[in-house]
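Every number here is computed from the coordinates shown, using simple stated rules; none is lab data. Please read all numbers here as calculations on a predicted model, not as lab measurements. We place every Cβ from the backbone using ideal geometry, glycine too, and count neighbours over all the protein chains shown.
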Amino acid sequence: MALPSLLSHSRTRPSVLREPLRQGGLRALLAPWDPPPVHPHDRAAEHACTPPSTESSSPGHHRPPPLNWIRVGGRTVSSGAGTSLTQYGSTNHTLTSHRRSYWTLCPQHPSSGPPARIATKEAQHRVKDPLEVQRRTFGSAAEPIQRNPDFSVLNSDDVSFFKSILGDNGVVQDKDRVAVANVDWMGKYKGASQLLLLPKSTNEVSKVLAYCDSRRLAVVPQGGNTGLVGGSVPVHDEVIVNLGGMDKIISFDNVNGILTCEAGCVLENLSTFVENEGFIMPLDLGAKGSCQIGGNISTNAGGLRFIRYGSLHGNVLGLEVVLANGTVLDMLTTLRKDNTGYDLKHLFVGSEGSLGIVTKVSILTPAKLPSTNVAFLSCNDYMSCQKLLLAARRSLGEIISAFEFMDRQCIDLAMTHLEGVHNPLPLSPYKFYVLIETTGSDESYDKAKLEAFLLRSMEDGLVADGVIAQDISQASNFWRIREGISEASVKVGAVYKYDLSIPVEKLYDIVEEMRSRVGDMAEVLGYGHLGDGNLHLNILSSKYSDDILAQIEPFVYEWTAGHRGSISAEHGLGLMKAEKIHYSKSPEAVQLMASIKKLLDPNSILNPYKVLPQSALSLEQQGS
């Protein structure tokens, strides 16, 4: 059957897609695609801040060294090792990452900073401190959070004790180095901690927490500090316990694909390791070059492979956790089946370090499959995206590994603000774009299956235009567009970020309603993991404004609750949404969570002010 005439006006674009499609069907999708050259003058000017690189930068060095690219799973990543936050010890404190290349934190001088708060006025975002970031990301409105008066204040005796446990190198008081750990990567949250601890073993973590609990010193567990809701930085003067030094791989079962490692292992390093053994990690994130597996588990990170391999609740087999009083809870089993009593590890998956600090993990890794295909498609409307998802589940069920969607505003943003990316469909004026990835064991079968699916989808009018990546470079470009949206949004100026889980059929409605609410004050983007029902809602403006925020909140939470959605699909609650949990959980459920918190952390020293509302914790305290 001949394909219908699609996008006749796009015949002249530098792709071999459109005219051959009508002549030779889907064979045209397999023809090589050469991205148009980028003129040097079209590239964005270099920022004053040193870009992320694979090495520590030196004065006057403004560009990272070239990276050698290798294929990992279905996408391309740097062959350099991922960076962990043991780099706090370096002389240059610019945060570095291969995957999250949009960090802009450039501390140059010491500063302890004020207590953290979520700013609500534009004036509060003016850069006055040398630690301030170049751009800030704006979220929930909130009053300054009062420090818990029950917590002790750090003194010299405390520091001496920590040095007796960790040694001088494991206790960091240098203001420059501590200041970096006080700020999240977006610059949205900033604490005033005076101390950064770098334990290298579970025993050291245990001794640190036992002491802090006895002294009622509040503690913030920290991994790669790549979160989006303020969960990994202090609110006031909490002691920061960073696990970047606990980065050993303990064992790997290459028959069953079970990895056991310490919590400070960088996700990208683990991915490289298991790939060399013929397996892949069940999760993949844009921040994989810096995020740590302990933080991934503590936040129950979702990511790009969720549609295929599910959540960490299903992939984590065992954990070792240190409780607030220093007790080491050994649940580090590697068994696939263990039905003896309560499965306690699930309490700590997604608890954001508020119940205990994860120190070791055993995780099931799927086999690495040899065949990977990536397609970049356009659709006329959101209904077509929904139907395409259903069709993909039915036709590509056992090989589909990613189904990501973006609206046209996202593509325009990426093309404007990302260096080195090319629009695969430059003359396609469509409202929505979909990235589909398949992974399987039979290259010819998988490719034929994908081609047949796309041909049928075009005939049914679900897909208007599209290309299939022919090599690693093209696949990397497709993924760079999707993964770079968050980076590009930060470059606009002000961005309000929301991570929502909504029934797929209603998922884009809130984007359109938000556009009506903010009008010309801001631009609204919608993208995310359509296969998981996960929307990333971004509202962009040139500057922060209480007027814009008033149109966003509490509407965004009320709308989500009204459609039986979740106000946090994969980012967690942290500080940003701790007081908003009631939009997704019943009062009874929240109070039970507070009871569990009280049982495991009676002095509330672990990651205070996060996850749960202070009212629930106070009520639990009164009832004890």
Protection proxy (average C-beta count within 10 Å per residue), highest first, orders 371-377, 197-203, 219-225 as 219-225, 371-377, 197-203
What is the gain in length, in nm to one decimal, between residue 254 and residue 334 on full extension, counting 0.36 nm per residue of separation less the C-alpha to C-alpha distance?
-> 27.5 nm
Please go through the residue pairs 368/431; 447/506; 368/449; 163/360; 190/597; 207/248 and name each one whose alpha carbons sit more than 29 Å apart in this structure.
-> 368/431; 447/506
Sorted by mean Cβ packing within 10 Å, highest first, what order do the peptides 581-590, 517-526, 226-235, 287-296 take?
-> 287-296, 226-235, 517-526, 581-590
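Ranked by Cβ crowding within 10 angstrom, fewest neighbours first, how are 479, 559 ordered?
Numbers: 479 25, 559 18.
Arranged by neighbour count, lowest to highest, 479, 559 become 559, 479.
Need one number: % antiparallel among DSSP beta bridges in segment 188-330, to the nearest 5. Mind showing how you got there, number by number?
On the way: 8 of 14 bridges.
If we restrict to bridges inside segment 188-330, about 55 percent are antiparallel.
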What nm distance separates the two modelled labels at residue 155 and residue 412, each placed 7 Å from Cα along Cα→Cβ?
-> 6.1 nm
Using unit Cβ charges (K, R positive; D, E negative) and no other charged atoms, how large, in debye to the nearest 20, is the dipole of segment 237-302 about its Cα centre?
-> 80 debye
By per-residue mean of other Cβ atoms within 10 Å, what is the highest-first order of 329-341, 161-173?
-> 161-173, 329-341
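Rg/Rh for segment 249-364 to two decimals, with Rh computed the Kirkwood way over all alpha-carbon pairs.
0.94
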Nearest-0.05 FRET efficiency for residue 203 and residue 596 at R0 = 30 Å, using Cβ-Cβ distance, is 0.70
Between residue 168 and residue 146, Cβ-based FRET efficiency (R0 41 Å, step 0.05) works out to 0.75
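Stretch residue 621-residue 216 to full length: gain in nm at 0.36 nm per residue minus the Cα-Cα span? Mind dumping the intermediate values first?
Values: separation 405, 0.36 × 405 = 145.80 nm, distance 1.54 nm.
Result: 144.3 nm gained on full extension.
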One checks the Cα atoms of segment 485-624 and finds Rg and Dmax, in Å, of 16.8, 51
